[in-house]
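None of the figures in this text is laboratory data; all of them are computed from the coordinates on show. Computed from a prediction, not measured in an experiment: that's the story for all the values here. Here Cβ is always computed from backbone atoms with ideal geometry, including for glycine, and neighbour counts include all displayed protein chains.
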Amino acid sequence: MADLKTNFLGIESPNPFWLASAPPTDKEYNVRRAFEAGWGGVVWKTLGAEGPPIVNVNGPRYGAIHGADRRLLGLNNIELITDRPLEINLEEIARVKADYPDRAVIVSIMVPCEEAAWKAILPRVAETGADGIELNFGCPHGMSERGMGSAVGQVPEYIEMVTRWCKTHYDKPVIVKLTPNITDIRHPARAAKNGGADAVSLINTISSITSVNLDNFSPEPSIDGKGSHGGYCGPAVKPIAMNMVAEIARDPETRGLPISGIGGVTTWRDAAEFMALGCGTVQVCTAAMTYGFRVVQEMASGLSQWMDEKGYTSVDAFIGRAVPNVTDWQYLNLNYVAKARIDQEACIKCGRCYAACEDTSHQAIWMKEGRVFEVNDAECVACNLCVDVCPVEACITMERLQPGTTDPRTGRVVQEEYASWTTHPNNPMARAAE
């Protein structure tokens, strides 16, 4: 049976599923329930500096994007870091870690960008026995306006500086949580590494407005007729998160830097995909808020079953396996030619493939008598839009044309050898064009 045990930065946990720093990890009661449900670790909701507690709004704090079936696709959050006293949080963290020594307990921290502020809080966090800290450089609302959160995460020099402070004044693993609200994620990741970070975690939430109330014309969630941008998370952000994870995993300057993946992890498959892109653990928030803490049991059992089917005895066997297969567009094989194929027995004759291809693509699907849909290879460019809009899984597939056969669309013989844009005669930068 597959072993889901994880060793991330020397921090052991029974599985790679950690709750992210968010409302689900705001207090001892929640975290104990999470551990009893089976979570491998938690990142405690972000702590602030000593002094008057943070003030959160007392009205709605969430906005949502739903699918046609009311499935929650995205969640917008305007809640700030913990509004509970620092001392209470520290006492609870210590009790939880003492009672659950086999679970990972990471403490998220956000204090002003001054060395004295970090130097003051770090020893107190260390006294709790927590396994490490996560520097919250990602929160895009409320705290960023005060010079913290993503205001730091958008400036690589600040990331490196604060990370160095933490490595100076704290002797356990330091994880830097990165903001996605930036053009190139590689720069803050490099800064974190240069500052001595043991790992990075990403992505934090995306700055967003999810909807506008068309009665009072206020962004949702609406507070007394006004709204604000918040942090967007949930299944809808997963593609953005995986791309950023992959960029860090394959960047020569950050390759090998441990990563904790965050962003829309809802199922075991989501977790496996993040891990295949190099993540040693995955952090979850929206799925727990949607389905409750016991969702981790489905994630763990699904991952274990898939690993058994694939013959992976430990998570280390597949972590990072997809990274070598992530490349830039210019290196994709232009001699790879495919065509769409429709399984007539599986087809329900809905016509979605035909409508999509006829109206918005390449007019490569014929509708014949009796609503029989067939692919015209002479027009098919293998865009696979038909596959994506078809409501029947595996009804339409893409089939590679074998080398030596002729592509009816171009009239050219499909070649065996690899060829990319870097050598294409239409590329003015290619040697072959000289």
Approximate spin-label separation V381-N213, in nm, with each point projected 7 Å along Cα-to-Cβ: 4.5
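I want to verify the translational diffusion coefficient of the stretch 30-155 in µm²/s; compute it with Stokes-Einstein, Rh as the Kirkwood radius over Cα pairs, at 37 °C and 0.692 mPa s.
Once the numbers are plugged in, D ends up at 205 µm²/s.
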21 Å Cα-Cα threshold exceeded, pairs from K167/K193; K119/K177; K5/K177; K45/K193; K310/K339: K5/K177; K45/K193; K310/K339
Volume per residue that the Cα convex hull of the stretch 329-433 spans, once the total is divided by residue count, Å³: 118
Nitroxide proxy distance, nm - points 7 Å out along Cα→Cβ at T406 and W421: 3.0
Mean shadow area of the stretch 62-115, taken as a quarter of the surface of its Cα convex hull (nm²): 6.7
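Report D for the stretch 29-69 in µm² per second (integer): Stokes-Einstein, Kirkwood Rh on Cα pairs, 25 °C, 0.890 mPa s.
172
Would you mind getting the Kirkwood hydrodynamic radius of the stretch 222-351 from its Cα pairs, rounded to one decimal in Å? Please report the intermediate quantities before stating the final value.
Values: mean 1/r = 0.0570 Å⁻¹.
About 17.5 Å, per the Kirkwood formula over Cα pairs.
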Net length gained if the chain between D308 and H66 were fully extended (0.36 nm per residue, minus Cα distance): 83.7 nm
Whichever aspartates and glutamates have a C-alpha closer than 20 Å to that of K97, once near sequence neighbours (fewer than 8 apart) are set aside: E12, D26, E28, E36, E87, E127, D131, E134, D171
Residue-wise HN-Hα coupling along the stretch 172-182, computed from phi with Karplus coefficients 6.51, -1.76, 1.60 (Hz; x: Gly, Pro): 10, x, 10, 9, 9, 8, 9, 8, x, 7, 7
Rg in Å to one decimal, and Dmax rounded to a whole Å, for the stretch 230-298 via C-alpha atoms: 12.3, 39
The chain: calculated mean residue ellipticity at 222 nm from DSSP helix runs of at least 4, using -39500 (n - 2.57): -8000 deg cm²/dmol
Viscosity 1.567 mPa s, temperature 4 °C, Stokes-Einstein D of the stretch 297-339 from Kirkwood C-alpha radius, µm²/s: 98
For the stretch 141-271, convex hull volume per residue from C-alpha positions, Å³: 130
Long-range amide H partners of N15 with built H, under 5 Å: T6, G40
Per-residue Cβ neighbour rank within 10 angstrom, fewest leading, C395, C233, C390, C279: C395, C390, C233, C279
Scattering curve values for the stretch 283-392, log₁₀ I(q)/I(0), Debye with Cα scatterers, q = 0.16, 0.20, 0.22 Å⁻¹: -0.92, -0.96, -1.04
Span from the the stretch 296-364 Cα centroid across to the the stretch 158-195 one, whole angstrom: 34
Kirkwood Rh, angstrom, the chain [1 / mean 1/r, Cα pairs]: 24.0
